[in-house]
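Notes follow the structure.
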Amino acid sequence: MGLTVVALYLFTRDRWPLELTSLGLLALMAVGFALFPFQSFDPLHLFAGFAHEALIAVCALMVLGQGLVHTGALEPVGRMLGKLWDKTPLLSFLAVLVVGAVLSAFVNNTPIVVLLLPILVSVCMRSGSPASGVLMPMGFATLVGGMATTIGTSTNLLVVSVAADLGLEKFGMFDFALPAVIAGAVATIYLWLIAPRLLPEREMALVDSSPRLFEARLLLPEQSPACGKSLAEAIALGGGRMRVIRIRRGDAFVTPLPDVTLKAGDQLRVKDTPQKLKEFEETLGAVLYSGDQRVDEDNPLTAGNQVLAEIAVVQGSILDRSNLAYSRFIDRHQLAALALHRAGKDILKPHEEIADVVLQAGDILLVQGAKAQVAELKQSTEFVVLDASIDLPRTDKAYTALVILVAVVASAALGLMPIAISALAGVCFMLLFRCLSLGGAIRAISPSVYFVVVASLALGMALLETGATAYVTDLFLALTAGASPVFVLSALMALLAIMTNIISNNAAAVIGTPIGVGIAVSLTLPAEPFVLAVLFGANMSYATPMAYKTNLLVMSAGNYTFSDFMRVGVPLTVLMWLTLTWVLSAIYF
């Protein structure tokens with residue numbers, strides 16, 4: 001139990017990656033049980049999580065979701081919602097919430113958020129309304145919808161699998177859809193009509209505050225101190241920050257090598273902010289030109305066809321856990337990275353360039369480039385570009401990916417095969433029909449989710465074997481002694497709702513499920529409602545941005561603060577808690 005407290009604390013620390021904490025916890029438990037044997041418990045059983053059907057299903061479903069994103073299979077839905085918004089914004093917003101919730105019942109909510117994010121940003125930019133009023137409700141709607149089926153979230157799969165391991169009859173795909181739909185309807189009304197009024201208007205995170213880069217030419221006259229010096233020496237005169245793209249000498253071009261000797265009449269092509277360009281002009285004694293005009297107060301710098309766009313880094317993209325330099329993103333797409341935003345944090349270290357920062361899912365990059373380059377980027381299935389146009393990527397494999405997903409869901413829903421088997425078969429078909437590359441499939445599996453699931457299963461096993469879950473169950477029953485079953489169920493759901501917003505929702509689910517079953521056995525009541533209380537409570541990841549990975553993505557895109565999540569998420573949590581308590585008690589007691 002002490003180790004559990006330490007592990008749950010480490011799960012909340014941003015400084016330690018979840019996968020590192022999980023792997024360390026797993027190793028510590030295995031070594032501890034090996035050095036200090038407990039009864040007949042074999043420490044090798046702690047590694048069973050690596051082959052657990054819940055983990056296989058979670059990973060396979062993540063890959064299938066990435067296949068939908070990569071092929072643009074949901075593009076028709078996005079395009080329809082975008083067109084509808086121009087006619088009736090209020091009803092269109094309701095349609096976005098409902099569509100997001102319904103799709104998230106069958107697909108991991110990350111690809112759904114990736115689909116809807118650029119649509120909402122673009123329609124808000126075109127209409128002049130703040131995107132902050134709709135992005136967070138959209139993100140929460142996908143979380144609410146994920147409660148409805150066994151495959152909606154990794155949390156659902158874990159709870160259902162752990163409960164089956166404890167001897168309960170396995171839940172079917174739609175066995176708890178009724179309470180989830182009733183609570184989801186109440187939540188949707190709140191997110192549609194009330195939540196936008198609780199959110200302050202916030203500008204986009206980067207566009208208005210970041211300096212743009214301009215391309216210009218520095219003409220070196222005879223009296224310039226740079227004449228006769230090497231390019232490296234001239235750059236040093238400019239403070240070492242000047243980047244020369246090329247050198248024009250008469251009708252020819254000279255490669256900008258450091259040892260090139262500069263001459264009078266040379267034109268240095270440079271790209272930087274207006275302030276820095278003027279500094280270079282003064283320090284080099286040069287004349288600054290834009291096109292054929294000298295830059296002065298009457299003829300300021302112009303950006304030409306250069307446009308700004310924000311790029312959201314999503315799980316599974318080539319930018320996730322990589323940097324711009326290593327991925328060669330800037331060179332391949334001929335874009336300039338101007339700024340980086342990570343959920344309101346200042347992440348650039350002194351003397352560190354944006355290209356050197358290791359990016360994470362949820363980061364927002366501000367880039368500048370030619371209109372054609374940004375348009376080409378929008379048609380790529382690797383990136384989520386946020387601008388004023390609804391151009392969603394789509395490939396010729398879109399319908400193939402959609403058919404594969406429908407077949408996976410249908411085979412599991414009809415009981416033809418377990419979801420772990422059907423989802424794994426679906427992944428094989430995705431790869432076989434080239435809907436997704438092998439590298440894309442591997443990147444789709446989140447290391448943090450993978451190792452948290454394995455460590456959580458091992459931790460749950462250790463708690464069961466040592467009697468810790470029985471002790472916690474007795475303690476919970478002692479604190480709620482004399483209370484009605486409805487109160488006990490409601491208290492259990494509230495406890496899980498609090499835990500899931502502080503620690504990993506998967507860890508909360510695995511620890512909470514045996515406790516819920518133990519409470520039901522002790523009270524001689526059916527175990528199903530208590531297991532569902534754990535499932536629903538562990539899914540209420542609304543109150544903090546770190547509670548779920550899509551919360552961080554929405555936070556960066558909408559420029560939200562921690563308090564914004566509290567302002568909208570806490571009432572939503574209370575609303576869901578009260579509604580689900582009433583529904584579960586009406587059905588089971």
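Give the residues of segment 1-13 that are assigned to a loop (DSSP other than H, G, I, E, B) and of a type in the set (S, T, N, Q), sorted by residue number. Result: T12, single match.
Listed here are the residues, each with its yes/no results for (1) among the aromatic types (F, W, Y); (2) more than 30 Å from A131 (Cα to Cα); (3) touching a residue at least 60 places away in the same chain (Cβ under 8 Å).
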position: S522; (1), (2), (3): no, yes, no
position: E528; (1), (2), (3): no, yes, yes
position: G537; (1), (2), (3): no, no, no
position: T550; (1), (2), (3): no, no, yes
position: S556; (1), (2), (3): no, no, yes
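Counting just the residues of segment 516-545 that are closer than 16 Å to S161 by Cβ and aliphatic (A, V, I, L, M), which one comes out surrounded by the fewest Cβ atoms within 10 Å (Cβ to Cβ)?
Taking segment 516-545 as the starting set, the residues that turn out to be closer than 16 Å to S161 by Cβ are 516-517, 527-528, 531-532, 534-535, 538-539.
Filter again for aliphatic (A, V, I, L, M), leaving 517, 527, 531-532, 534-535, 538.
Numbers: V517: 22, A527: 20, V531: 25, L532: 26, V534: 30, L535: 29, A538: 29.
Residue satisfying both the conditions and the ranking: A527.
Counting only helices (runs of 4 or more DSSP H) wholly contained in segment 426-520, the ones carrying 2 or more residues that are of a type in the set (V, I, T) occupy 447-465, 468-479, 485-500. I'm trying to understand the selection: among the residues of segment 410-436, which are more than 27 Å from G172 (Cβ to Cβ) and without any contact (Cβ under 8 Å) to a residue 24 or more places away in the chain? Residues satisfying the conditions are L431, L432. Scoring V96 on the criteria (1) modelled with pLDDT under 90; (2) crowded, with 20+ Cβ neighbours inside 10 Å leaves a single failure, condition (1). When L46 is tested against (1) outside any helix (DSSP H, G or I); (2) in contact with a helix residue (DSSP H, G or I) (Cβ under 7 Å, 6 or more places away or on another chain), exactly one condition is not met: (1).
W16 passes every criterion in (1) farther than 26 Å from I445 by Cβ; (2) part of a loop (DSSP other than H, G, I, E, B) apart from (1). Of the numbered criteria (1) over 30 Å from M566 (Cβ atoms); (2) touching a residue at least 24 places away in the same chain (Cβ under 8 Å); (3) β-branched (V, I, T), the one I442 fails is (2).
Selection over segment 334-359 of residues that are at pLDDT 80 or above, part of a loop (DSSP other than H, G, I, E, B) and surrounded by fewer than 19 Cβ atoms within 10 Å (Cβ to Cβ) gives a count of 2. The set of residues from segment 393-404 being surrounded by fewer than 22 Cβ atoms within 10 Å (Cβ to Cβ), of a type in the set (A, V, I, L, M, F, W, C) and touching a residue at least 12 places away in the same chain (Cβ under 8 Å) comprises A398, L402. Looking at segment 232-268, which of its residues are surrounded by fewer than 16 Cβ atoms within 10 Å (Cβ to Cβ), touching a Lys or Arg at 6+ places or on another chain (Cβ under 8 Å) and assigned to a strand (DSSP E or B)? Hits for segment 232-268 are I245, R246, R248, R249, F253, T261.
Pairs are defined by a Cβ separation below 7 Å, a sequence spacing of at least 6 or placement on different chains, a first member in segment 33-61 that is of a type in the set (D, E, K, R), and a second member that is at pLDDT below 95 and assigned to a loop (DSSP other than H, G, I, E, B); the pairs so defined are E53/P418.
The values are calculated or read from the model by the stated rules, or taken from the named source; none is laboratory data. The shown structure was predicted, so the numbers you read here are calculated from the model rather than taken from an experiment. Don't worry about glycine lacking a Cβ; one is built from the backbone with ideal geometry, like all the others, and counts go over all protein chains shown.
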